[in-house]
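The structure under discussion appears below in the form of structure tokens.
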Amino acid sequence: AVDHREALYNFLIVGMWADAAEDAKVIGWVRELWGALQPFSSGGLYVNYEAEHDMGRVQAAYRPAKYARLVALKNKYDPTNLFRLNQNIPPTGG
């Protein structure tokens, strides 16, 4: 269900560190790099790169028609939202 296939490139920023004292430094450079790349972005995102389970970000990963189709599939095959421990698309009743 990947969207934004017309994009020529895909980028993923991975900031990793072991010392909690470096949190601000590493998180800062990741956010700075992300911001610097935004003018070159289509605005789309790949949902499996999302570390947080933010519904707004999950929905933004798909164009409206595709998201609606995914919700319809979820309604049909997982109406109780059993499979929700990922970048979840909840069913209509969920």
Can you tell me which residue in the stretch 3-25 is most open to solvent (accessible area, probe 1.4 Å), limited to those that are within 16 Å of the chain's Cα centre (by Cα) and of a type in the set (D, E, K, R)?
Arg5
Which pairs do you get when a residue that is without any contact (Cβ under 8 Å) to a residue 24 or more places away in the chain and open to solvent by 40 Å² or more (accessible area, probe 1.4 Å), found in the stretch 78-94, comes within reach of a residue that is part of a loop (DSSP other than H, G, I, E, B) and not small (Gly, Ala, Ser), reach meaning Cβ atoms under 6 angstrom, with the pair 6+ apart or on two chains?
Pro79/Pro91; Gly94/Asn81
Condition first: surrounded by 12 or more Cβ atoms within 10 Å (Cβ to Cβ), without any contact (Cβ under 8 Å) to a residue 12 or more places away in the chain and not hydrophobic (A, V, I, L, M, F, W, C). Now tell me which residues in the stretch 26-58 satisfy that.
Gly28, Arg31, Ser41
Out of the stretch 53-68, which residues are touching a Leu at 6+ places or on another chain (Cβ under 8 Å) and either farther than 20 Å from Ala7 by Cβ or hydrophobic (A, V, I, L, M, F, W, C) (or both)?
Ala60, Ala61
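The values are calculated or read from the model by the stated rules, or taken from the named source; none is laboratory data. Small disclaimer: the values here were computed from a predicted structure and weren't measured. Methodologically, a virtual Cβ is constructed for each residue, glycine included, from the backbone with ideal geometry; neighbour enumeration extends over all protein chains shown. Note: areas computed on protein heavy atoms with side chains; ligands, DNA, RNA excluded. Shrake-Rupley method; radii C 1.70, N 1.55, O 1.52, S 1.80 Å.
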